[in-house]
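The structure under discussion appears below in the form of structure tokens.
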Amino acid sequence: TAAELRFSETAFVQKKGEGEYKLRYFTPAAEGELCGHATVGSFYVLMKSGQIRPGDKVTAETLAGTIGIKAHPDGILMDMATPETFGKIEDRDKLDELYGIMGLKADGQGTVESGSRFGTPEDASLYLVPEMVSTGLTDIMMPVKDEKALDDIAPDFPALTELSRRYEVVGVHAFTINSADGMIHARNFAPLYDIDEEAATGTSNGALTFYLYERGIVKPGVVNTVVQGEKMKRRSLIETELTEEEGGVKVR
């Protein structure tokens, strides 16, 4: 069914018990462990059809674990998996490979340029380099210097597929924080799963929120807006929130 529909993901929903649901997600090529926007969409449909009500708290069982869901009149809040990091990509050869595959040069593209408000190589805490991060699915967070660089990305998809397989990631989530409107802008690529580019990626933007929080750019308790899908002419606004809680942080 997913291969026939050709959407980036198709979600299948099964009710397991009172307030308990099981979800499975399929791209046209394979089954995925988790898809954030398909989860939000599934529970929005359940709310609109009267199967759950605003204010209800329910759970979604997925291959990535059990996720808490809260329905409210304006939409769905979804807990993301506990953030995890799996290493930075800092070696010059690896940076050149990654940015080359994405159609860019690492110099001045893969980092915030010297003299910008987000730091320099000498200020390592604010010097942005790619890192593998997960809030359910692992992507490479790939910083670029501005919206033009983001727009210029033109991946070599066969090479990106092989790189994703080698790094054991879903794909690459490219982003910039140097934007004219003050929002985060992003593009997401996952050809390993037959998704050349995606217009809205909840799990990746959850991971990006944690990546930026660790660098002091995103503040806890603040709702962040990520703009995605512009190059595809399918502009999406994804809102994320990170809160500091006992035992760690929570991303929604």
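Overview of values
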| read-out | value |
| --- | --- |
| Unit charges at the beta carbon, dipole of the chain: most positive-side option, Leu23, Met80, Pro54 | Pro54 |
| P(r), alpha carbons of the chain - 10 Å bins starting at zero, rounded % | 7, 31, 36, 19, 6, 0 |
| For Ile52, net neighbour charge (Lys/Arg +1, Asp/Glu -1) across residues whose Cβ lies under 13 Å away | +2 |
| Computed magnitude of the charge dipole of the chain (debye, nearest 20; Cβ of K, R +1, Cβ of D, E -1) | 820 |
| Using alpha carbons only: equivalent-ellipsoid semi-axes of region 1-51, gyration tensor based, whole Å | 21, 12, 9 |
| Whole-angstrom Cα spans of region 170-252 along principal axes, big to small | 38, 30, 18 |
| Linear extension gain, Phe7 paired with Glu239, 0.36 nm per residue minus alpha-carbon span | 81.3 nm |
| Pairwise centroid distance, computed over Cα atoms, of region 127-153 with region 198-252, Å | 12 |
| For Leu63, net neighbour charge (Lys/Arg +1, Asp/Glu -1) across residues whose Cβ lies under 15 Å away | -1 |
| Rel. contact order, % - alpha carbon contacts under 8 angstrom, at least six apart, the chain | 15 |
| Among His185, Met142, Val222 - extreme Cα towards positive end, dipole of region 124-241, charges at beta-carbon | Val222 |
| Rounded percent of accessible protein surface that carbon and sulfur make up, the chain, 1.4 Å probe | 47 |
| Relative contact order, percent, region 188-252 [alpha-carbon distance under 8 Å, six or more residues apart] | 28 |
| Where labels lie 7 Å past Cα in the beta-carbon direction, separation of Glu246 and Asp181 in nm | 4.0 |
| Aspartates and glutamates with Cα under 16 Å of Lys145, excluding same-chain neighbours fewer than 8 positions away | Asp96, Asp107, Glu113, Glu131, Asp181 |
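The values are calculated or read from the model by the stated rules, or taken from the named source; none is laboratory data. What you are looking at is a predicted structure, and each value in this text was computed from that prediction instead of being measured. Glycine also receives a Cβ, built like all others from the backbone with ideal geometry; neighbour counts cover every protein chain displayed. Accessible surface areas use protein heavy atoms only, side chains included; no ligands, DNA or RNA. Shrake-Rupley method; radii C 1.70, N 1.55, O 1.52, S 1.80 Å.
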